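The values are calculated or read from the model by the stated rules, or taken from the named source; none is laboratory data. None of the values given here were measured: they were computed from a predicted structure. Areas reflect the complete protein model, heavy atoms only, side chains present, ligands, DNA and RNA absent. Shrake-Rupley method; radii C 1.70, N 1.55, O 1.52, S 1.80 Å.
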Amino acid sequence: MKTMLSFGVVALIFLSWVSADDVVVLTEDTFENEVGKDRAALVEFYAPWCGHCKRLAPEYEQLGTSFRKIKSVLIAKVDCDEQKSLCSKYGVSGYPTIKWFPKGSLEPKKYEGARTAEALSMYVNMEAGTNVKIVSVPSSVVVLSSDNFDKVVLDETKDVLVKFYAPWCGHCKALAPIYEKVAAVFKLDEEVVIANLDADKYKDLAEKYGVTGYPTLKFFPKSNKDGEDYSGGRDLDDFVAFINEKAGTYRDGKGQLTSKAGIVESLGDLVKELVSAGDDEKKAVFSRLEEEVKKLKGSAARHGNIYLKLAKNTLGKGADYGKNEIQRLERMLEKSISPAKADEFTLKKNILSTFV
C-alpha cells in the first residue's frame with residue numbers, strides 16, 4: 001500500500017463502501033417500486049453533463065453512504081437524459097433538482113437548501129425523524145507539494161498520474177469527484193499513484209512542467225519521468241482504461257480486478273506442459289517453471305510466486321484441486337470481504353483457471 005497515504009486497513013475497507021452504489025439509481029420502470037412505499041426518499045434529478053451536478057456528486061454520494069443502513073430512508077437519483085418522461089412528470093426544468101418524497105407519497109416537495117452533505121443530512125433528519133451523522137470520507141488522492149513532488153512523482157518504481165489544478169477553477173472542481181473515484185479504483189495497486197498539485201500555490205512546479213491551463217493532467221510512467229500529457233477523456237472509464245494500458249493493471253470502474261489480472265503470459269506454455277506431463281516428468285517441468293519465475297520482476301514476479309504455490313498444490317492434491325478451489329474462491333468472492341481479500345482471491349482464481 002502506498003506509504004504516503006495516512007490511513008490504514010480500516011480506511012481501505014471503508015473506502016470500498018463509498019461508491020455510487022449507496023445512491024440508488026432509479027428509472028421509469030423502478031421509480032414507483034422504490035418511492036412512495038414504506039420509506040421516505042430524497043431524489044436527485046440530474047444530467048450527466050451538468051457542471052453543478054458533477055460538483056454535487058461527491059456530497060450526494062457521501063450522503064448516500066451515511067444513510068446506507070437506515071431502512072426508513074432512500075437516497076436516490078434519476079438521470080434525466082435517460083429518463084426524460086419521468087423528470088418531466090415531476091416538473092424538473094433545471095439540474096440538479098432535489099425532491100423529498102414522504103413515506104407512502106408520490107407527491108414531493110422541492111429541496112431548496114445548500115448542496116452539501118451536511119445540509120442535506122440535516123434536512124433528511126428533520127423530515128424523516130432520523131439522527132444520522134455524515135461520515136467522513138478519506139481521500140485516495142496523494143496531495144503533492146514542493147516538499148514531496150520529486151519523491152513521489154520521480155520514483156522510478158511508480159506510474160504516477162498528476163492533476164495540476166487551481167482551487168478557483170470551475171473545470172477542476174467538476175473533475176474532482178471523478179478524479180477521487182480514479183484514485184479509489186487503484187488504491188490497492190502499489191505501483192500506481194494518483195496525485196494532484198495545487199498549481200496556483202506551487203507555480204514554480206507548474207511552470208517547470210509547462211502547465212498553462214487548468215486542469216492539466218500529466219502521466220509520469222516508470223520509464224519516463226519527464227512526463228507526458230494526458231489528452232484522453234475525463235470520464236472514469238477513460239481514466240481507468242488509460243491507467244490499465246499504461247501501467248499494466250487490470251481494474252474495472254469499481255476497482256475490482258478483471259479476469260486478466262495476475263495472468264503472466266510467459267508462463268502459459270509451461271503451465272500447459274505441467275498439467276499434461278506424466279508423473280515422472282512433472283518434477284522437471286516444475287523446476288523449469290521455478291527458473292522462469294526467477295526471471296520476472298515487479299508485479300509479474302509476485303504473480304509468478306502465486307503460480308508456483310498453486311502448481312505445488314495442483315501436483316500434491318490431485319487433478320480436481322483446481323476446479324474445486326475455483327468454486328471455493330467464487331463462493332468467497334460472493335461474500336462481504338475487504339477489497340484486499342477480494343484482490344487476493346481473484347488473482348488466485350484467475351491463475352488457477354490456467355491450470356484447469
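Details
- Estimated Rh, region 272-325: Kirkwood, alpha-carbon pairs, angstrom: 11.7
- Computed from the alpha carbon positions, the gyration tensor of region 145-223 leads to an equivalent ellipsoid with semi-axes of 20, 17, 9 Å, biggest first.
- Evaluating 6.51 cos²θ - 1.76 cosθ + 1.60 at θ = phi - 60° for every residue in region 300-306, the Karplus couplings come out as 4, 5, 5, 5, x, 5, 5 Hz, glycine and proline recorded as x.
- Most fluctuating residue given options GLY129, GLY64, GLY36, as computed from a GNM of the chain linking Cα atoms under 10 Å: GLY129
- Long-range Cα-Cα pairs in region 202-356 (distance over 21 Å), rounded percent: 58
- Mean projected area in nm² (Cα convex hull; one quarter of hull surface) for region 30-108: 4.9
- Using a probe radius of 1.4 angstrom, the carbon and sulfur fraction of the accessible surface of the chain is 49%.
- For VAL142, the residues whose amide H sits under 5 Å from its own are ILE194, ALA195, ASN196, ignoring neighbours fewer than 5 places away on the same chain, with H placed 1.01 Å from N.
- Ligands, DNA and RNA are left out, and with a 1.4 angstrom probe the accessible area of the chain is 52 Å² per residue.
- Across all directions, the average flat footprint of the convex hull enclosing the Cα atoms of region 86-146 is 6.9 nm².
- Region 69-120 - percent relative contact order, Cα under 8 Å, separation 6 or more: 18
- Relative frequency of Cα-Cα separations exceeding 23 Å in region 15-156, percent: 38
- At q = 0.13 Å⁻¹, base-10 log of I(q)/I(0) for the chain (Debye sum, equal scatterers on each alpha carbon): -1.08
- Backbone HN-Hα couplings from phi across region 231-240 [Karplus 6.51/-1.76/1.60, Hz, Gly and Pro as x]: 10, x, x, 10, 8, 4, 4, 5, 5, 4
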